[in-house]
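Report on the following structure.
The values are calculated or read from the model by the stated rules, or taken from the named source; none is laboratory data. Everything numeric in this text was worked out from a predicted model, so none of it was measured. Cβ: placed from backbone, ideal geometry, glycine included. Neighbour counts: every protein chain shown.
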Amino acid sequence: MKKPCGSELRLFFPPSGRKFYGHQSQNPSSKDDATILMCEECFIATAKSTPLESFFSTDLTHIAYSLSPSTGHRCSTWSIQTKRRLKQACLTNSFAEYAQYHHQREECYEKLWASIRELRPLNELLKEHTKSIHAQTQMNLQMGSLRIQQQMNNQMNAMIIGIGGGMVEASASDYGQRYGNSTVSSFGCLSLSFPGISRHKHVLERLEQHADT
């Protein structure tokens, strides 16, 4: 099934099998005459069964495709507004009026596309700039993620080292030297190095010697 024309961006090539009908201008310099190449769909919708049916019934398919063999051909009456105006011209047998409208429309269309072509280099530059910003953003995100991961690893390593050192210290033997002092040992008892205990011990030893004698 053939696709409808429907858009100025839809271009057709010979393999599409689309036929074009219309009128070839006899006086290209005249604003009252114009070459109209409409697809078969538009011909049926606008000129069929009107006073201008025979005027537009010439098969111009070969001309349509020869005008733009590399880029394809678009229907001259693709828009709703154009179809409406052409239909009115066909019903009232007033092609000259439609030809004037056609020339004005084509001039505006060419100016529009000229502006678009001028903006294409700027558009390409904008695309490259956007791509560069995106790449830089991705790089910054990756570097930030790596820094956060490194910080987490450092904190985890410090925690592991701290826990390991505490376990080693807790498992070591102690005689009141590390956790106690010269008076009280780590077991809550008086240390033998306390001066008062030493004197009492000396007195007891002298009493024991005196008792033996």
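In segment 13-33, the qualifying residues are those that are small (Gly, Ala, Ser) and within 14 Å of Leu60 (Cα to Cα), and the one that is modelled with the highest pLDDT is Gly22.
All conditions but one from (1) surrounded by 10 or more Cβ atoms within 10 Å (Cβ to Cβ); (2) under 30 Å from Arg74 (Cα atoms); (3) at pLDDT 75 or above apply to Asn140; the one that does not is (2).
Let me confirm something: among Thr130, Thr71, which residue is in contact (Cβ under 8 Å) with a residue 60 or more places away in the chain, over 20 Å from Ser30 (Cα atoms) and loosely packed, with under 14 Cβ neighbours inside 10 Å? Please lay out each step first, then the result.
Values: Thr130 fails: in contact (Cβ under 8 Å) with a residue 60 or more places away in the chain.
Testing whether each residue is in contact (Cβ under 8 Å) with a residue 60 or more places away in the chain, over 20 Å from Ser30 (Cα atoms) and loosely packed, with under 14 Cβ neighbours inside 10 Å leaves just Thr71.
Which residue out of Glu110, Glu97, Glu124 is in a helix (DSSP H, G or I) and under 26 Å from the mean Cα position of the chain (by Cα)?
Values: Glu110 fails: under 26 Å from the mean Cα position of the chain (by Cα); Glu97 fails: under 26 Å from the mean Cα position of the chain (by Cα).
None of the others qualify; the one that does is Glu124.
Does Tyr21 qualify as being part of a strand (DSSP E or B) and in contact (Cβ under 8 Å) with a residue 12 or more places away in the chain? Judged against the criteria, Tyr21 is a match.
If a residue has to be assigned to a loop (DSSP other than H, G, I, E, B), out of contact with any His (no Cβ under 9 Å at 6 or more places or on another chain) and surrounded by 20 or more Cβ atoms within 10 Å (Cβ to Cβ) to count, how many in segment 24-68 make the cut? Give the derivation first.
Of the residues in segment 24-68, the ones assigned to a loop (DSSP other than H, G, I, E, B) are 24-35, 47-56, 60, 68.
Applying the additional criterion that residues be out of contact with any His (no Cβ under 9 Å at 6 or more places or on another chain) yields 24-30, 32, 47-51, 53-54, 68.
The next check asks that each one be surrounded by 20 or more Cβ atoms within 10 Å (Cβ to Cβ); those that pass are 47.
Looking only at that region, the number is 1.
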